[in-house]
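Heads up: the structure comes next, in C-alpha cells.
The values are calculated or read from the model by the stated rules, or taken from the named source; none is laboratory data. Fair warning: this is a prediction, and the values are worked out from it, not measured in the lab. When we count neighbours, we look across all protein chains shown, and the Cβ atoms used for this are built from the backbone with ideal geometry, even at glycine.
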Amino acid sequence: MSVIPRLNRLFTAKGKCLQVALDHGLANEFSTLTGMENMQQVVGVVAAANPDAMILTLGQAHWLQDLPQKPKPALVVRADAMNVYALPTPQQVFCKFIDDAVEQAVALDAAAIVVNLFWSPEQPDLHRQCLENIVHFKPRCERYGMPLIVEPMALIPGEKGGYKTHSDMGRTVALARQAVELGADVVKADIDENLEEYHRVVEACSPRPMLPRGGPRVPDREILTRTHALIEQGASGIVYGRNVYQHPHPARMVRALQALVHEGASIEQAMAILN
C-alpha cells in the first residue's frame, strides 16, 4: 500500500510539518518527565494548539485519539523502547522493538511510526539491534501503508552518565543517509552546533523530508533562533519535545514554532507570539 495518504496527514501542501514529541516516558529516565506528569492534561494542552502531529507511545496514544477535537494533530507512534538515556549509565544498553507495533498503530489510526537508529563507537551491538528493528518494521510498514520515521542518533557517553549526542556532523550525515538507504520515509535527525552546515544533513536525506529533533530544554530565544536557522537550511519542519512540554506556556510555544515553520515568520515575530 502507498504511504502517501498518511504522509499527507503529516505534511502540509508546502511539505512542512511541526511535531511535538511526548514519548519520553518510554526511555525510563525520571529527568525527562518534568512537565508531563499528567499525560491527559499535557496532551490536551498541546493538542489544543494543533501542531501537525504528536508522537506518543502505544500506551498513551489514546489520550490524543479519544479527544473529540476537530481538526486535531495526527498521531505518530513510538515503536521501540530504549535505555540509552538512563542515569546512571546501564551496563548493557538496548533498543527493543515492540511486537506488532505496526498493527497496533493501524488500529490506533496513526499516521506514522518512529524508530531509532543509534550508533556509538563503544556499543556496536546497539547499532546492530537498531538495524534489525528497521529491517523488521519496513516490510510491515509497506504492507499497511504506514510511513516509517527513522531517528538516527550518533552517541557518546556523557560526563554525568547516560549518552549524549556525538559532536561529529559527519557521523550524523552518514547515519541519516543510512536511514534513507534502509527505507525511511521521513528522517528525524539530530541537531548540530554548526547550524550553517546543517544543509549537509538535509542533502543526505534527500529526497526524503528531514525533521530535526529538539533535544534538552534551552532558553526561548535560543530555540526560536535555532528553528529559524534549521528551516533556512532546508529542514522540512521540526520535532520538539522538552522545549514544548517543559515550557511554562506550551500552547504559546507551539504557536510561535508554527509561525516559523509554516508562515516564514522572523525570530522577533515568533518571540512576540510567545510573549
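Quick check: anything in the stretch 158-174 touching a residue at least 24 places away in the same chain (Cβ under 8 Å), within 21 Å of residue 7 (Cα to Cα) and not hydroxyl-bearing (Ser, Thr, Tyr)?
No, the conditions are met nowhere in the stretch 158-174.
When you scan the stretch 181-220, how many residues do you find that are modelled with pLDDT under 95, in a helix (DSSP H, G or I) and more than 21 Å from residue 259 (Cβ to Cβ)?
Total satisfying the criteria: 2.
Could you list, in sequence order, all residues of the stretch 221-273 that are in a helix (DSSP H, G or I), in contact with a His (Cβ under 8 Å, 6 or more places away or on another chain) and either crowded, with 19+ Cβ neighbours inside 10 Å or free of Cβ contacts under 8 Å to residues at least 40 places away in the same chain (or both)?
Correct list: 242, 253, 260, 270.
What number of residues in the stretch 106-149 are in contact with a Gly (Cβ under 8 Å, 6 or more places away or on another chain) and either without any contact (Cβ under 8 Å) to a residue 24 or more places away in the chain or under 19 Å from residue 27 (Cβ atoms) (or both)?
So the count comes out to 1.
So in the stretch 83-95, with the set limited to residues that are surrounded by fewer than 17 Cβ atoms within 10 Å (Cβ to Cβ) and either in contact with a Phe, Trp or Tyr (Cβ under 9 Å, 6 or more places away or on another chain) or at pLDDT 95 or above (or both), which one is nearest to residue 24 (Cα to Cα)?
Checked the stretch 83-95; the qualifying residue nearest to residue 24 (Cα to Cα) is 87.
Could you list, in sequence order, all residues of the stretch 145-173 that are assigned to a helix (DSSP H, G or I), surrounded by 16 or more Cβ atoms within 10 Å (Cβ to Cβ), of a type outside the set (Val, Ile, Thr) and modelled with pLDDT of 90 or more?
Once the filter is applied, which keeps residues that are assigned to a helix (DSSP H, G or I), surrounded by 16 or more Cβ atoms within 10 Å (Cβ to Cβ), of a type outside the set (Val, Ile, Thr) and modelled with pLDDT of 90 or more, the stretch 145-173 yields only 171.
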